[in-house]
Amino acid sequence: MNTVLVTGASAGFGEAICRKLIADGYKVIGAARREDKLKSLATELGDNFLPLQFDVTQKDAVDNILATLPIGFQQIDILINNAGLALGIEPAYEADYTDWETMVQTNIIGMMHLTRTILPGMVERNFGYIINLGSIAGTYPYRGGNVYGATKAFVKQFSANLRTDLFGKKIRVTNVEPGLCGGTEFSNVRFHGDNAKANDVYKNVQYITAEDIANTISWLVNTPPHMNVNSIEIMPIAQAPAGLNVSKEM
């Protein structure tokens, strides 16, 4: 039975991924900052789910916790780097610089550290799978996406370079790039708790859901081991790249 580590497990994509992979028969380590949410999930999911309370930006704490995993959960076969966030939608010249730093620390540094910590064990065993949660924002720029989009472009290129470094080894790497996804806390966090503004993003739109992403992850981890999906871009039918805009008579 393979063991999966999912970060950002207390809500949204991470919570849905944990539920789906437990149902698929995996052992799942769910890591997140909010201990109460993890405990509730552990009660629901049973003994094959191990809750770990940590913040991916706190490297020493992460190392200490991973070094003391209980027997049965010590060998991590699949790492799902899901923890991440967007903060603010202001243009670059009005953005809060602290928000920028938080996004870089979480979306880039936290992902890098966990990958560098867990990957050597996969290489030693010549077996493993790293799935990074990117975003279409890493490909298509939009107003106010500035640093968030840049962090997801990093995730995209980091994933591609991991595949290159791991060439010749039986370790898979996939970058999952969701588009507009509702029913999560993503926009509530982005708008710093302004729920009305967050709800407006999804009004009258049939968006993709966290369960759609969880089902995609389930499909990925259950594909044949000789097969690697380098990246997968997922949008609702209601969303598409809008093409190039032209502003006349500026």
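Coordinate-derived values only; no laboratory data. Owing to the predicted nature of the structure, the values given are computational and were not obtained by experimental measurement. Note that each Cβ is placed from the backbone with ideal geometry, even for glycine, and that neighbours are counted across all protein chains shown.
Points to keep in mind about this one:
- Placing +1 on the Cβ of every Lys and Arg and -1 on the Cβ of every Asp and Glu, with nothing else charged, gives the stretch 161-250 a dipole about its Cα centre of roughly 320 debye.
- For the chain, the 222 nm mean residue ellipticity estimated from helices alone, with every DSSP H stretch of n ≥ 4 adding -39500 (n - 2.57) and the total spread over all residues, rounds to -11500 deg cm²/dmol.
- Each Lys and Arg Cβ is given +1 and each Asp and Glu Cβ -1; about its Cα centre, the chain then shows a dipole of about 620 debye.
- Pairs of Cα atoms in the stretch 3-234 fall into 10 Å distance bins, from 0 up to the last occupied one, in shares of 8, 34, 39, 17, 3, 0 percent.
- For the stretch 5-154, the Cβ-based charge dipole about the Cα centre amounts to some 340 debye (Lys, Arg positive; Asp, Glu negative; other atoms uncharged).
- Likely footprinting exposure, W219, W100, fewest C-beta neighbours within 10 Å first: W219, W100
- Summing charges over neighbours of A92, with a neighbour being any other residue whose Cβ is under 12 Å away from its Cβ, gives -3 when K and R count +1 and D and E count -1.
- Qualifying aspartates and glutamates (Cα of each under 16 Å from Cα of K27; at least 8 residues distant if same chain): E15, E44, D47, D77
- The residues packed around G179, meaning those with a beta-carbon under 12 Å from its beta-carbon, carry a net charge of -2 if Lys and Arg are +1 and Asp and Glu are -1.
- Nearby aspartates and glutamates by direct alpha-carbon distance to K156 (threshold 17 angstrom, same-chain neighbours under 8 apart not counted): D165, E177, E233
- Ranked by how many other Cβ atoms sit within 10 Å of their own Cβ, fewest first, the residues E15, E44 fall in the order E44, E15.
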